[in-house]
Amino acid sequence: MNRPKLEVADIFRRYGQAYRDKHGASMSTAQRRVMTAIEICRTAALGGQIEQCDACGEQRICYRSCRNRHCPKCQSLARADWIEHRQAEILNCEYFHVVFTVPDKIAAIAYQNKEMVYNILFQATAETLRTIAADPKHLGAEIGFFAVLHSWGSALLHHPHLHCVVPGGGPSPDGTRWVHCKPGFFLHVRVLSLLFRRLFLEQLQFAFDSGRLQFFSSLENIRDRRAFVRYLEPLKKTKWVVYAKRPFAGPEQVLDYVGRYTHRVAISNSRLLAIEAGHVSFGYKDYRNQGPQKAMTLSAEEFIRRFLLHALPHRFHRIRYYGFCGNRNRQEKLTLCRQLLSMAVPEMPPKPSEAQDYRDRAELLTGTSLRLCPVCRRGRMVLIETLETRTHPALKDTS
């Protein structure tokens, strides 16, 4: 596979220091960490190795990856590994993709309080889905699902939303049968939206009253409780966007599709069109006009600012699991689901050895060999020299 000619790393290396000089005082530790990791990813700074083909003698230098979850170059193996671990958890039933989005006024609060507000988004979403699904008027079952946080829109602006992937049914309250949803229909999005709005605003108000929110710059005027209540009041009457995408064609389609969501970063290298004269051009979808592909050009400073809007707090989990997919008693609950669906026990993937080389792991997961000589396509690349790290590596963030 050919690598993109342009990379986010090129933008950071060319314009990153000027951005730090101008905005360093307002940058968070997470943003600095992301910039450094992407800048030195697969460079001599992280060390690496020299390999030589045992057939044609071709040599190449392979530098180490930063493994930061925001890096466009470091997600392929993580994505493949995640998909393998989820493979045995797929159930033989219809699957649905439900998206929960917060209004712009909430997004503004979220940017200044990422960890707190993103946690509220997860909690309100999970409680909404599980409450409505458990109601006999709607489904009357315990459901399980996972949710993935995205904080960006196609133009890199701050747009927090959760992608939830949900099996279309679940065990009955007494655990004796599987309750199927209606074919092609999961839950009423209008009902989900109303409960989601109420739960989210209640939890946000509680966070404010507990002193766990902070406001500065354009939001300084809502530090007072009465001002904060007035700020939220219109949001109690506006429509909050919850929508269900078309159901998956079958269980086998779920992981391939969802793998693109779980380890996506704010912008992939393939979307970059040009970097010149202090400006960056990239492709995006104009969803407000039925989603045609367009090109956008920003100053390098503005591009970096938008990219860093999406740097997550250290150790923040952007993929979370709930119900019978939750981490607690997951295997026991999934075993019950398979029994109720008359499914065979799946073969569990072997646990990777700590000593296993990443290239062997990549070939096992993707079927693509990183050892095959890229020139003669016959020989195998053999290690002939190790290159030591030249500087302190960027802090890893693989959560």
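Quick note: the coordinates plus some simple rules give every number you see, no bench work behind them. Quick caveat: nothing in here was measured; it's all calculated off a predicted structure. Neighbour counts are summed over all protein chains in view; Cβ atoms, including those assigned to glycine, are modelled from backbone coordinates with ideal geometry.
Here are the numbers for the structure shown:
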{"item": "Dipole magnitude of region 87-208 about its Cα centre (Cβ charges: Lys, Arg +1; Asp, Glu -1), debye to nearest 20", "result": "300 debye"}
{"item": "L187, L6 arranged by Cβ crowding within 10 Å, fewest neighbours leading", "result": "L6, L187"}
{"item": "222 nm mean residue ellipticity, helices alone, for the chain (DSSP H n ≥ 4; -39,500 (n - 2.57); rounded to 500)", "result": "-11000 deg cm²/dmol"}
{"item": "Cβ-based charge dipole, the chain, positive-most Cα from G326, A244, V258", "result": "A244"}
{"item": "Value of D in µm² per second that Stokes-Einstein yields for region 150-224, Kirkwood Rh from Cα pairs, at 10 °C (1.306 mPa s)", "result": "96 µm²/s"}
{"item": "Using distinct alpha-carbon pairs, which all enter the 1/r mean, Kirkwood radius of region 132-277 in Å", "result": "18.8 Å"}
{"item": "Radius 15 Å from Cβ of R226, net charge of other residues (Lys, Arg +1; Asp, Glu -1)", "result": "-1"}
{"item": "Most mobile of R328, R130, R226 in a GNM of the chain (Cα contacts under 10 Å)", "result": "R226"}
{"item": "Calculated FRET value between R288 and A344, using beta carbons and R₀ = 41 Å, to 0.05", "result": "0.30"}
{"item": "Alpha-carbon centroid distance for the pair region 222-275 / region 10-49, whole angstrom", "result": "27 Å"}
{"item": "Solution diffusion estimate, µm²/s, Stokes-Einstein, region 201-319, Kirkwood Rh from C-alpha pairs, 25 °C, viscosity 0.890 mPa s", "result": "130 µm²/s"}
{"item": "Computed FRET value (nearest 0.05) for N329 with Q253, which takes r as the C-beta separation and R₀ as 30 Å", "result": "0.65"}
{"item": "Paired Rg and Dmax values of region 119-162, which use every Cα atom, in angstrom", "result": "13.5, 41"}
{"item": "Dipole moment magnitude, nearest 20 debye, the chain about Cα centre, only Lys, Arg, Asp, Glu C-beta charged", "result": "860 debye"}
{"item": "Net charge of Cβ neighbours under 14 Å - reference A295; Lys, Arg +1; Asp, Glu -1", "result": "+1"}
{"item": "For q = 0.15, 0.16 Å⁻¹, Debye-computed log10 I/I(0) when each Cα of region 21-136 counts as one equal scatterer", "result": "-1.03, -1.09"}
{"item": "DSSP H segments from the chain that extend 24 Å or more along their own axis, Cα-based, with Kyte-Doolittle mean of -1.0 or above", "result": "114-134, 189-209"}
{"item": "Stretchable slack from D174 to A55, in nm (0.36 nm times residue separation minus alpha-carbon distance)", "result": "36.4 nm"}
{"item": "Quotient of C-alpha Rg and 2.2 N^0.38 Å, computed over region 226-277", "result": "2.00"}
{"item": "Pairs of Cα atoms farther than 11 Å apart, region 41-81, %", "result": "68 percent"}
{"item": "Listed residue (C71, H23, Q123) projecting farthest to the positive dipole end of region 1-130, Cβ model", "result": "H23"}
{"item": "Largest-first principal axis extents, alpha carbons of the chain, Å", "result": "70, 58, 40"}
{"item": "All lysines inside 29 Å of K114 as judged from Cα atoms, apart from same-chain residues fewer than 8 positions distant", "result": "K22, K73, K105, K236, K237, K239, K245, K285, K396"}
{"item": "Gain on full stretching of the segment that runs from E233 to L194 - 0.36 nm per residue minus C-alpha separation", "result": "12.6 nm"}
{"item": "Cysteines having no other Cys beta carbon under 4.7 Å from their own, within the chain", "result": "C62, C93, C164, C181, C325, C337"}
